[in-house]
Every structure is written in C-alpha cells, then in structure tokens.
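Trainee: What follows is a structure written as structure tokens; I'll ask about it next.
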Amino acid sequence: CVVSVTNVPPPDSTIRPGFPVPVNTNNTEVRKAARFGVYRYNNSSNDLFLFKESQIRKAMVQIVRGLKYMLHVEIKRTMCEKRDHSSLDSCHFQREKNLQRMLRCYFEVWITPWTHKVYIPVAHCH
C-alpha cells in the first residue's frame, strides 16, 4: 500500500536515528500516520462499513531512512459504507448497537518525505 503524502515536516532534531522514541498521540503527523494505517485496514477488510480511528493509545517514532511510526490505535466502525467511498472525516461512528464494533490495531507506517511515499508494512487488528 503506497500512498502519496505532502507537507511532512523535518523530524525533530532531538530524535537520534535508529532509536524509537515516544511521541505525543495528539501530534498532527501521528494522526496522519494513524489515518494511513486505517486506510490500509479498510482496503484489506471485507466489512461493508469503513472504520475510523477513535483513539491513538500509544505512538513511537523512529528515524530510519524516513520516519517510521509504531502506533497502537483503536478503530471503530462508522456509518459510512465502503461502496460510497466517503471521506473518513465526514463519517460518524456507528450508532446502532448491533452494528457497533471496535478493534485494537498495531500499525507500522513508514513515511519518506523526500519521495512523498507512505509504506505500511504492518497492520494487525483484532
């Protein structure tokens, strides 16, 4: 799954290459990385509905020929059906009790800013 990405700022100069470090789960780039993980999940799932991130529980970043985010994310089923190809930003979480579903996911999202590419080698949800 390779996705185009823009406007990735240079990494924080206090982060040393090779060492994963905790990063704030509210960080804009962390949130973007989580969304890429969700796209990967939605593309591989056979659920009728799209899922969207509901909470980023833990985030780490590592500099390895780009930025590699390691994310623990909770995702929930939305009311948007896949066939509608809705923008996730406008999708609300499922309200019907019997259709609600939450999954815990681990995503590894590798962003190489100079190539504007995103690679998601790991996307495990249960």
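Trainee: Search the stretch 36-58 for residues that are touching a residue at least 24 places away in the same chain (Cβ under 8 Å) and more than 19 Å from residue 83 (Cα to Cα) and pair each with any residue that is part of a strand (DSSP E or B) and among the small types (Gly, Ala, Ser) when their beta-carbon atoms are under 7 Å apart and the residues are at least 6 apart or on different chains.
Mentor: 37/123
For (1) under 13 Å from the mean Cα position of the chain (by Cα); (2) at pLDDT 95 or above; (3) open to solvent by 20 Å² or more (accessible area, probe 1.4 Å), each residue gets a yes or a no:
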residue	(1), (2), (3)
19	no, no, yes
33	yes, yes, no
41	yes, yes, yes
70	yes, yes, yes
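Trainee: Could you grab me the full set of residues in the stretch 46-64 that are surrounded by fewer than 16 Cβ atoms within 10 Å (Cβ to Cβ) and either hydrophobic (A, V, I, L, M, F, W, C) or not in a strand (DSSP E or B) (or both)?
Mentor: 46, 47, 48, 64
Trainee: If you don't mind, there's one more thing I want to ask. Can you tell me which residues in the stretch 84-102 are over 13 Å from the mean Cα position of the chain (by Cα) and touching a residue at least 24 places away in the same chain (Cβ under 8 Å)?
Mentor: Selection gives 86, 91, 93, 94, 99, 100, 101, 102.
Trainee: Additional query: Give just the number: which of (1) in contact with a Phe, Trp or Tyr (Cβ under 6 Å, 6 or more places away or on another chain); (2) open to solvent by less than 60 Å² (accessible area, probe 1.4 Å) does residue 124 not satisfy?
Mentor: Result: residue 124 fails condition (2) only.
Trainee: Taking residue 76, is it under 12 Å from residue 104 (Cα atoms), open to solvent by 50 Å² or more (accessible area, probe 1.4 Å) and touching a Ser or Thr at 6+ places or on another chain (Cβ under 6 Å)?
Mentor: On the way: under 12 Å from residue 104 (Cα atoms): yes; open to solvent by 50 Å² or more (accessible area, probe 1.4 Å): yes; touching a Ser or Thr at 6+ places or on another chain (Cβ under 6 Å): yes.
Here the answer is yes, as residue 76 does meet what is asked.
Trainee: While we're on this one: Considering only residues that are among the polar types (S, T, N, Q) and either crowded, with 16+ Cβ neighbours inside 10 Å or in contact with a Pro (Cβ under 9 Å, 6 or more places away or on another chain) (or both), look in the stretch 87-121 and name the one that is farthest from residue 52 (Cα to Cα).
Mentor: Selected residue: 112.
The values are calculated or read from the model by the stated rules, or taken from the named source; none is laboratory data. Computed from a predicted model, the values in this text were never measured in an experiment. When we count neighbours, we look across all protein chains shown, and the Cβ atoms used for this are built from the backbone with ideal geometry, even at glycine. To get the accessible areas, we keep the full protein, side chains included, count just its heavy atoms, and leave off ligands, DNA and RNA. Shrake-Rupley method; radii C 1.70, N 1.55, O 1.52, S 1.80 Å.
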